[in-house]
Amino acid sequence: MTSEAIDIRPPARSLSLPLRHTLRPLLRDPVNTLAGLARQARGEVVRLNLGPFRPYLVSHPDHVQHVLRGDWENHPREGVFWKPVERLAGRSILTEGPDWESSRRILQPLFTARYVASLAQDMAETIDKELTAWEAYAREGRWIDICEELARLVSRIVIRVLFGDKISVADAERLAPAYAIAATSFTSRLLVPFAPEWFPMPGDRAFRRAVEVIDDVVLPLVRQARRDPGDGNDIISALARARADEDGPGAERRIRDDLVSIYGASGETTAVALTWLWPLLHDHPEVAARLYEEVETVVGRGPVDASCLPRLTYLKSVFQEMLRLYPPGWMMPRMALRANLLGDVPIEPGSTLLISPYVTQRLEEFWDRPDEFDPERFAVDRRERRHRYAYFPFGGGPHLCIGQHLFYMEAPLIVAGILARFRPQVRAPRPLTPFPGASLRPKETIEVRLEPVAGGARA
């Protein structure tokens, strides 16, 4: 995209071109177009000319830090980009104000490293059971859609953590596909954010139906948990106990909204993030070989449990580099409540600020060879000193994602469990195009064939 399509400040004189000059490339490949604009501007604030909608693209780590942490109260999660999220997850941990404060106060203790570690055994048992079923795919030599299979596997892990034994198998099977549809069907509203809510857009009907399915599954579980919260360590019981003094449908709705938010943050995002791993390993056989060796040394034939995780150091570096290139929470828009400055750029009240880890984590000013996949960047003995907000896949400031501890527990358990059994062969077109849904997933289908490790899969 040429510099004529953007308005960069400074310099004082700016350019403003017709809508068609900016909208077309953003509609075709919005994620990489934004990254290209930020790189072209060398991290300066960019004002996008989208006709009636003129957001600021904020990519420099100094500016990101100012918005997410330094002046976060002036930059709430509000505006057109948050409308679809609110229709899915309601007023919860993903919003602002008293609802966010209440949810965070209750949920924060449930997502500490210590509490998540207490869930590790349940997660490990679920993973081992699900991967045993994958051995049928290996015997058949079947190519599987790895995003779908990971979504199913992760959903079962998260459902066990969220609902314990309170959910039926049939309802659990309905939840994952419904959430996937809801998370991808509002993309047209992300790409054309100035479209009014009453104006029908592609995906609206699918989105509404998916939310109805989610409510059909979750709300009866919430009502039952409120009648009898029990003493289990599943999240729905903990939420019901924490909100036991709250009456009426409002309390029921708040528990529902928090459960849907957590399901997305710990389920959808993990499955989507891990989908990118397999083509990366396929394209970098030297990384794959080293990772296989580590898993073989630490885990052997498994099963994997939490005691293995501290020794899977290279796997953690691989995850960190994967999240640098493909952060699932790819866009973190904010609204400016009051006039302020970003560097020398005046920001008007009511302006939308587009902040994207995908964009900032690929800036040449802060990353050597930014488009290359190199886990050595995060090796403990070679870790580079860099700006705190040059890398923020889980956000930052008070809205730092509470699910990051859960990711670093369930993701290595899943991948180490897979690699202890199988050597995945990958079939996918190149290049892969990031699809801008609620999480950053590949637009193309990634297929995997599972070959048992030498010596055969475990019985």
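The values are calculated or read from the model by the stated rules, or taken from the named source; none is laboratory data. Bear in mind the structure is a predicted one, so any value in this text is a computation, not a measurement. As a convention, Cβ positions derive from the backbone with ideal geometry for all residues, glycine included, and neighbour counts pool all protein chains shown. SASA here: full protein model, heavy atoms, side chains in, ligands and nucleic acids out. Shrake-Rupley method; radii C 1.70, N 1.55, O 1.52, S 1.80 Å.
Among the residues of region 184-209, those identified as at pLDDT 85 or above and in contact with a helix residue (DSSP H, G or I) (Cβ under 8 Å, 6 or more places away or on another chain) are Ser185, Met201, Pro202, Gly203, Asp204, Ala206, Phe207, Arg209. Among the criteria (1) surrounded by 15 or more Cβ atoms within 10 Å (Cβ to Cβ); (2) acidic (Asp, Glu); (3) free of Cβ contacts under 8 Å to residues at least 40 places away in the same chain; (4) over 24 Å from Tyr408 (Cα atoms), the one Glu135 does not fulfil is (3). The listed residues are Leu353, Leu342, and the only one of them that is under 18 Å from Gly396 (Cβ atoms) and more than 25 Å from the chain's Cα centre (by Cα) turns out to be Leu342. Entry remark, region 145-175: residues being more than 23 Å from Ala210 (Cβ to Cβ) and touching a Lys or Arg at 6+ places or on another chain (Cβ under 9 Å) number 0 in total.
Where in region 336-416 are there strands (runs of 3 or more DSSP E), lying wholly inside it, with at least 1 residues that are modelled with pLDDT of 95 or more?
Numbers: elements: 340-342, 345-347, 352-355.
Hits in region 336-416: 352-355.
Among the residues of region 1-48, those identified as in a loop (DSSP other than H, G, I, E, B), within 21 Å of Leu341 (Cβ to Cβ) and either modelled with pLDDT of 70 or more or charged (D, E, K, R) (or both) are Arg9, Arg13, Ala41, Arg42, Gly43, Glu44, Val45.
Answer with yes or no whether Arg430 is among the charged types (D, E, K, R) and either at pLDDT 95 or above or not in a loop (DSSP other than H, G, I, E, B) (or both).
On the way: among the charged types (D, E, K, R): yes; either at pLDDT 95 or above or not in a loop (DSSP other than H, G, I, E, B) (or both): no.
Answer is no for this residue.
Restricting the search to helices (runs of 4 or more DSSP H) fully inside region 86-162 and requiring at least 1 residues that are touching a strand residue (DSSP E or B) at 6+ places or on another chain (Cβ under 8 Å) and closer than 20 Å to Thr275 by Cα gives 120-140.
Report, by residue number, each residue of region 433-443 that is open to solvent by 50 Å² or more (accessible area, probe 1.4 Å) and assigned to a strand (DSSP E or B). Quick ask: steps written out before the conclusion?
Step one: of region 433-443, the residues open to solvent by 50 Å² or more (accessible area, probe 1.4 Å) are 435, 443.
Phe435 - this is the single residue of region 433-443 that is open to solvent by 50 Å² or more (accessible area, probe 1.4 Å) and assigned to a strand (DSSP E or B).
Of all residues in region 246-264, those that are crowded, with 23+ Cβ neighbours inside 10 Å have Cβ atoms under 6 Å from Cβ atoms of residues that are part of a helix (DSSP H, G or I) and not aliphatic (A, V, I, L, M), 6 or more apart or on another chain, in Asp258/Ser103. Restricting attention to region 300-326 and to residues that are out of contact with any Asp or Glu (no Cβ under 9 Å at 6 or more places or on another chain) and closer than 18 Å to Pro424 by Cα, the residue that is most open to solvent (accessible area, probe 1.4 Å) turns out to be Arg301. Among the residues of region 148-193, those that are of a type in the set (A, V, I, L, M, F, W, C) and closer than 30 Å to Leu48 by Cβ comprise Ala180, Ile181, Ala182, Ala183, Phe186, Leu190, Leu191, Val192.
Quick one: how many residues across region 389-398 are more than 21 Å from Arg369 (Cβ to Cβ) and open to solvent by 20 Å² or more (accessible area, probe 1.4 Å)? Even if it seems obvious, please write down each step before you answer.
Quick first cut of region 389-398, residues more than 21 Å from Arg369 (Cβ to Cβ) only: 394-398.
Then drop every residue that is not open to solvent by 20 Å² or more (accessible area, probe 1.4 Å), which leaves 394, 397-398.
Number of matching residues: 3.
Among the residues of region 51-110, the ones that are of a type in the set (D, E, K, R) and either open to solvent by less than 30 Å² (accessible area, probe 1.4 Å) or in contact with a helix residue (DSSP H, G or I) (Cβ under 6 Å, 6 or more places away or on another chain) (or both) come to 4 in all.
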